[in-house]
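Taking it in order: structure first as structure tokens, then the write-up.
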Amino acid sequence: MVQEVGLDKLIRDHPFFEGMDDEALELIAGCAANERFDAGQYVFREGQPADKFYMVRHGSVALEVRAPGRDSIVLQSCDDGDVMGWSWIVPPFRWKWDARATRLSRLVSFDAICLRGKLDADPALGYAVYKRFVRVIAERLAHARLQMLDLYGIGKE
């Protein structure tokens, strides 16, 4: 028998939301939904409106940058438990890269308009969420830097 786990429990138990009180988690869960992506399917594309962020429940999603005249460059793979998608909090709210499922992936999505409204109405909640996303942004920048060093062979003779 398969046991159903509610979104509120998944969110409550996720390290990204650690330390947030029940009321805040309930507000956030009100903006959440389950989504499924098959291998090769895009979760989002660079330049499109960033209308969600995602938590990977199961699967793997490659964050990719399109490069003229060559294959896409994988910046990072997001796997079980990872959070992806910070463009929803930075105007003009457009994706900065592609996200493509590399195998069957089940994600929890969080609606950006719903969540931004709640964060604007509750500055303490907004601060708590933004603080968590600063870590996500810093991690993405670090991975992008490493890929650039590898791509251009910096430090190699």
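The values are calculated or read from the model by the stated rules, or taken from the named source; none is laboratory data. Remember, predicted model here, so these are calculated numbers, not experimental data. We place every Cβ from the backbone using ideal geometry, glycine too, and count neighbours over all the protein chains shown.
Taking each residue of region 43-59 that is closer than 13 Å to Ala101 by Cα and looking for partners that are part of a loop (DSSP other than H, G, I, E, B) and polar (S, T, N, Q) with beta-carbon atoms closer than 7 Å, six or more apart or interchain, yields nothing. Screening Ala121 with (1) at pLDDT below 95; (2) closer than 29 Å to Asp8 by Cβ gives one miss only, at (1). Of all residues in region 69-81, count the ones that are surrounded by fewer than 18 Cβ atoms within 10 Å (Cβ to Cβ) and either in contact with a helix residue (DSSP H, G or I) (Cβ under 7 Å, 6 or more places away or on another chain) or within 20 Å of Phe17 (Cβ to Cβ) (or both). Residues flagged as surrounded by fewer than 18 Cβ atoms within 10 Å (Cβ to Cβ) and either in contact with a helix residue (DSSP H, G or I) (Cβ under 7 Å, 6 or more places away or on another chain) or within 20 Å of Phe17 (Cβ to Cβ) (or both) within region 69-81 amount to 4.
Note on region 15-68: among residues that are surrounded by fewer than 17 Cβ atoms within 10 Å (Cβ to Cβ) and part of a strand (DSSP E or B), the one that is modelled with the lowest pLDDT is Val65.
Within region 69-97, if we keep just the residues that are closer than 18 Å to Arg135 by Cα, acidic (Asp, Glu) and not in a strand (DSSP E or B), the residue that is nearest to the chain's Cα centre (by Cα) turns out to be Asp82. Filtering region 136-154 to residues that are part of a helix (DSSP H, G or I) and either modelled with pLDDT of 85 or more or of a type in the set (Val, Ile, Thr) (or both) leaves Val136, Ile137.
The residues on offer are Arg100, Arg116, and the sole one that is surrounded by 14 or more Cβ atoms within 10 Å (Cβ to Cβ), modelled with pLDDT of 95 or more and not in a helix (DSSP H, G or I) is Arg100.
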